[in-house]
Amino acid sequence: MADTVAGEVSTDDLLAWVRAFARLVEENREALTELDAAIGDADHGANMHRGTTAALAAVDGAPPASPGALAKKVGMTLVSTVGGASGPLYGTFFLRVGTALGDAATATPAEVVAALRAGIEGVVARGRAEAGDKTMVDALTPAVAAAEEALAAGRSWTEALTAAAGAAAAGRDATTAMVARKGRASYLGERSAGHQDPGATSAALLLAAAAETLLGRGAAGST
Amino acid sequence: MTDTGAAGARVGIVVVSHSRALAEAAVGLAAEMVSGRDARIAVAAGLDETTFGTDAVRIAAAVEEVDDGDGVVVLMDVGSALLSAEMALELLPDEVRDRVVLSPAPLVEGLLVASVVAAGGADRAEVAAEARAALLAKDTQLDTVPAEEPAPAAEGHLTGSFVVANPHGLHARPAARLVAEVRRRDADVALRNLTTGAGPVPAGSLSRVATLGALRGHEVEVSATGREARAAVDGVLALAARSFDEVAVPGPAADESATTPSAGPVATSPGVAVGPAVRLTTAPVRVDERPAGPPEAEERRLTDALAAVRRDVERTRDRTAPGQAGVFEAHLLLLDDAELTGAARTGIEAGVSAAGAWARAVSALEAQWAALPDPYLRARAADVRAVGDQVLRALAGEAPVQAVDVDGVLLADDLTPAQAGGLDPGRVLGVALAGGSPTSHAAILVRSLGIPAVVAAGAGLLDVPDGTPLVVDGTAGRVLVDPPTGVVAGYRTRQRELADERARDAAEAPREAVTRDGRRVVVGANVGSVADARAAATAGADGAGLVRTEILFLDRDRPPTAEEQEREYLAVLDAFAGRPVTIRTLDVGGDKPLRYLPQPPEANPFLGVRGVRLSLTRPDLLRTQLAAVCRAAARGPVRVMVPMVSVVEEVLAVRRLLTEAAAPGPVPAGLRVGVMVEVPAVALNVEAFLPHVDFLSIGTNDLTQYTLAAERGHPALAALADPLDPAVLRLVGETASRAAGRATVSVCGEVAADPLAVPVLVGLGVQELSVAPSAVAGTKAAVRRLDSGACVELARRCLAATGAAEVRALVRAAQDAPPSA
């Protein structure tokens, strides 16, 4: 948009992120369900698809006035439409992100990362999951830590987002070896090891979507 | 109501569930309890009428709907219901949130109690407390039965119990069946002897199961956790209800009193033996505790020895009639027993030699068994010792099976199952054991070999000098030491009649086997070594219908060279002196991986990468083997046979490799190429194969396994895996009739030596049979008694039979009928 300050994240950017996330979830719907079938109740793909489709529809036509308002709207929609545990978890994530972003028309990279940190803290508080419990936290936590480190080291927004997406993917992969301690997979105990966690997988998609969309904006701003 | 209610509160209730139908039905139940009174209940369940899910926004709205200022109790079902309810709290205004209680009560019970209590005007803390107590009431009600149920019934455990019905309790064979059943399941299963309090022990460990000392009448508890816990418990209970598939031992052994050792010579295997006494003494195995190398090397030696003995036991098992093979299954389980091998490996790590560590582990386990109160179970310590000694011998480099090579009447204290199973009925005329019992594995095996035997003859028997004339009457249960000549003469006459028949068969064996109406049936032998080949040639085999080459490939770090293989094949060819030899290419799979051919573990190796499937993944190995076959074929009548073929492409691929292997020369003109018919698909699609093969060899063991989907050697499926099942016979018939005149059809499974099967196979059009060397003479004799026209008619009726039992009945009826019929 013409009124966007270079290097800052606008409502449109956030909308693009949500759109990319919805697309990735749609593309990976079957894969997510298959992962969930192995250690859960085989509904993660369908649930996330329903939720992200509804969330996108809620904000696509008439985007809220600010990135923060958009994130809140997405969060509330997810809460009401996902159905499974991912509803309150992703819902909390976006609601906390929205609250942290406030009413400002744009956000700096540092503000976005701080908002993601608030989102993760909300997820951890909601699900009472810790790192290593084989949940979405295992993808989100290293991702935000990577972004924070990159920015603290003075690296570009591009590098920070790429690092975050990479760390999320690595965190997702690491869940394969873990034994689930939260959610339905925990009923399986040791037998949950050897299966990639579906929640961490969709969380990695969320970060991949962020890198794909916000990165373009940031890259333009950093040159 | 209003008066008491004025002082009381009006607490609202919210029902959170994944399913709207569930929530509404629960509310319906609750409404009946409080009929006429005002229950403020709201439902927040499902994303819509039919979509499962929970929605925090909807929950928050429901709370606001029923909140009248006195607060709300929220009841939830599982999983996301909690997260969504917690999230809903955040969505509520602070003053409302403060008066909401999320209740951990079970949904239905909690809702019923909560609605009654709430309608009675209780405040929200009371309502929540009563709801929570709802499950306690249910507990109390049910706990009247399992009130003092201890830990095993804790969460996640499924339990059941059975009473042991087997006459000798849960001894090795039933225990082995139980262990096998449990190991099939993805579950942790434990057993406890409720009668004695022994245990719990892991049900997957044969050694530990035996230490339960579970005798007839004892009650045993099964508890399981894990994905297949239910199936595991049910499986064990079903097995127990079938007495662990233990078949009552026929003959005198069925009489339990006969197991009393003092009963004196007990007949265990009918028939008469007359001959010189030969005593069997077993030298103990020497064990050197000093390791020959580092622990890794010692551990490797142990692993190799275990593998060697496992193969050996499997071989013995495969030679044994299915009903009697259970003891070898038990031995195999002992070889895989994590407790036993684990203890040995711990010893090795502590610096003891493989032999020393193994011997200690075996002694410890043997002592554990020997200390059991029941004499029968105590005797099972012998199984541990037998297996333990076998492994020690393998470690010492001795012959893995201690063959009992005697000519005469064998006298011994007792025999190990391996010794008994390895007896040569052609040389061991009879068996007299000082100890043992009719139910001992040795006795059962000796009977299955048809060797006359008595057991429990008393220690005095061992004082009889070698060479003393002996009569063993395995029918009456008598041992006569140096009896009067008249008595001997009588026994000899009876014995001679039987021996004459055997001798006639043996003498006739080298001649071709021709039916009474002149149809030739080739009877070859299945061999696995040069020694086998010599024995088979001596026994009169018309060549080798199957040369197993696996022995060349096992137990080594690299595959055999073409030269090495060629030497072996030529030696087999020489043994048969011009008679044809059929070499089967390497037939292994994931169940017995080769060191130089690592295979990932497969869930079902018999449906996995094996036989030609494996060979085609390593064409270099197959090409080398085919090169050796080509060189041997230049020197004599050689055929090459490909195992586990399913599709024509596999044959074409092998033929291409054969051409490459023969290069620079052509493929030897006399080399005939065939495939094994083991996969039903080949029998059903045989026309497609015929243009590419010179012969078809039906491996009935695997064909039966795959046709009836019944694992070979599975103790519980022996009755199902019957090669005389009409379905298997149809596949044989289809193969033989389509191939007639275009390719030779042979049968190389065990059924080829079954006197009941021979007429059916001949009638179906099978031209060649290949049997164990010891069965050659008998099989040829069986062929000579046949009329091929009658066989065709018999086979026709067998194909229409409803099952294997009817097939057998038809064959027996035909054999009893006059030959002219």
*residue B:543 being under 29 Å from residue B:612 (Cα atoms), surrounded by 15 or more Cβ atoms within 10 Å (Cβ to Cβ) and in contact with an Asp or Glu (Cβ under 6 Å, 6 or more places away or on another chain)*: no
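Yes/no matrix, rows are residues, columns are (1) outside any strand (DSSP E or B); (2) closer than 16 Å to residue B:767 by Cβ; (3) over 34 Å from the mean Cα position of the chain (by Cα):
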site: B:656; (1), (2), (3): yes, no, yes
site: B:665; (1), (2), (3): yes, no, yes
site: B:668; (1), (2), (3): yes, no, yes
site: B:673; (1), (2), (3): no, no, no
site: B:690; (1), (2), (3): yes, yes, yes
*Would it be correct to say that residue B:574 is surrounded by fewer than 18 Cβ atoms within 10 Å (Cβ to Cβ) and either at pLDDT below 95 or not assigned by TED's automatic domain parsing to the domain that holds residue B:303 (or both)?*
yes
*Kindly indicate which of A:41, A:60, A:103 is within 22 Å of residue A:183 (Cα to Cα) and surrounded by fewer than 24 Cβ atoms within 10 Å (Cβ to Cβ).*
A:41
*Which of (1) without any contact (Cβ under 8 Å) to a residue 60 or more places away in the chain; (2) outside any loop (DSSP other than H, G, I, E, B) does residue B:778 not meet, given it meets every other one?*
(1)
*Working carefully through the options B:521, B:472, find the one that is assigned to a strand (DSSP E or B), under 40 Å from the mean Cα position of the chain (by Cα), modelled with pLDDT of 80 or more and assigned by TED's automatic domain parsing to the domain that holds residue B:536.*
B:521
*Would you check which residues across region B:91-107 are farther than 13 Å from residue B:16 by Cβ, part of a helix (DSSP H, G or I) and in contact (Cβ under 8 Å) with a residue 12 or more places away in the chain and list them?*
B:91, B:96
*State whether one or more residues within region B:748-771 are in a loop (DSSP other than H, G, I, E, B), closer than 26 Å to residue B:539 by Cα, touching a Lys or Arg at 6+ places or on another chain (Cβ under 7 Å) and modelled with pLDDT under 95.*
yes
*asked:* Being at positive phi and either modelled with pLDDT of 90 or more or not assigned by TED's automatic domain parsing to the domain that holds residue B:543 (or both) is true for just one of B:789, B:741. Which residue is that?
replied: B:741
*May I ask you to say which residue of B:214, B:198, B:231 is in a helix (DSSP H, G or I), without any contact (Cβ under 8 Å) to a residue 60 or more places away in the chain, among the aliphatic types (A, V, I, L, M) and more than 21 Å from residue B:336 (Cβ to Cβ)?*
B:231
*Give the residues of region B:781-821 that are within 25 Å of residue B:503 (Cα to Cα), part of a helix (DSSP H, G or I), touching a residue at least 60 places away in the same chain (Cβ under 8 Å) and basic (Lys, Arg), sorted by residue number.*
B:784
*Here are some conditions: (1) modelled with pLDDT of 85 or more; (2) surrounded by fewer than 23 Cβ atoms within 10 Å (Cβ to Cβ); (3) among the aliphatic types (A, V, I, L, M). Residue A:220 meets all but one. Which one does it not meet?*
(1)
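Table: residues versus (1) part of a loop (DSSP other than H, G, I, E, B); (2) farther than 21 Å from residue A:74 by Cα; (3) within 14 Å of chain B (Cβ to nearest Cβ).
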| residue | (1), (2), (3) |
| --- | --- |
| A:88 | no, no, yes |
| A:92 | no, no, yes |
| A:104 | yes, no, no |
| A:111 | no, no, no |
| A:116 | no, no, no |
| A:133 | yes, yes, no |
| A:140 | no, no, no |
| A:182 | yes, yes, yes |
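One line per residue, one yes/no per condition, for (1) more than 9 Å from every other protein chain (Cβ to nearest Cβ); (2) outside any helix (DSSP H, G or I); (3) touching a residue at least 40 places away in the same chain (Cβ under 8 Å):
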position: A:52; (1), (2), (3): yes, no, no
position: A:55; (1), (2), (3): yes, no, no
position: A:64; (1), (2), (3): yes, yes, yes
position: A:74; (1), (2), (3): yes, no, yes
position: A:84; (1), (2), (3): no, yes, yes
position: A:95; (1), (2), (3): no, no, no
*Within region B:549-571, track down each residue that is within 32 Å of the chain's Cα centre (by Cα) and assigned to a loop (DSSP other than H, G, I, E, B).*
B:549, B:554, B:555, B:556, B:557, B:558, B:559, B:560
*Which condition number does residue B:26 fail, the rest of (1) away from chain A (no Cβ under 14 Å); (2) touching a helix residue (DSSP H, G or I) at 6+ places or on another chain (Cβ under 6 Å); (3) outside any helix (DSSP H, G or I) being met?*
(3)
*Mind listing whichever residues of region B:154-177 are outside any loop (DSSP other than H, G, I, E, B) and modelled with pLDDT under 75?*
B:172, B:173
*Any residue in region B:591-606 that is over 19 Å from residue B:543 (Cβ atoms) and either over 31 Å from the mean Cα position of the chain (by Cα) or crowded, with 19+ Cβ neighbours inside 10 Å (or both)?*
yes
*asked:* Condition first: farther than 20 Å from residue B:582 by Cα and touching a residue at least 12 places away in the same chain (Cβ under 8 Å). Now tell me which residues in region B:617-633 satisfy that.
replied: B:618, B:619
*In region B:36-77, how many residues are at the interface with another protein chain (Cβ under 10 Å from one of its Cβ atoms), of a type in the set (Val, Ile, Thr) and under 19 Å from residue B:103 (Cβ atoms)?*
2
*Could we say that residue A:58 is more than 16 Å from residue A:208 (Cβ to Cβ) and either among the hydrophobic types (A, V, I, L, M, F, W, C) or in contact with a strand residue (DSSP E or B) (Cβ under 8 Å, 6 or more places away or on another chain) (or both) here?*
yes
*Just for region B:47-63: of the residues that are crowded, with 19+ Cβ neighbours inside 10 Å and among the β-branched types (Val, Ile, Thr), which one is farthest from residue A:80 (Cα to Cα)?*
B:63
*Taking residue B:636 and the conditions (1) in a helix (DSSP H, G or I); (2) under 16 Å from residue B:582 (Cα atoms), which numbered condition does it fall short on, given that it satisfies the others?*
(1)
_Whether any residue in region B:481-498 is closer than 20 Å to residue B:753 by Cα, not in a strand (DSSP E or B) and not assigned by TED's automatic domain parsing to the domain that holds residue B:635 is what I want to check._
yes
*Does region A:122-130 contain any residue that is over 18 Å from residue A:97 (Cα atoms), within 14 Å of chain B (Cβ to nearest Cβ) and surrounded by fewer than 18 Cβ atoms within 10 Å (Cβ to Cβ)?*
yes
*Scan region B:178-195 for residues that are modelled with pLDDT under 85 and part of a loop (DSSP other than H, G, I, E, B) and jot them down.*
B:184, B:185, B:186, B:194, B:195
_Given (1) modelled with pLDDT of 95 or more; (2) surrounded by fewer than 23 Cβ atoms within 10 Å (Cβ to Cβ), identify the lone condition not met by residue B:620._
(1)
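The values are calculated or read from the model by the stated rules, or taken from the named source; none is laboratory data. Note that the structure is a prediction, hence the values are computed from the model and not measured. Every residue, glycine as well, gets a Cβ built from its backbone with ideal geometry; the counts of neighbours run over all protein chains shown.
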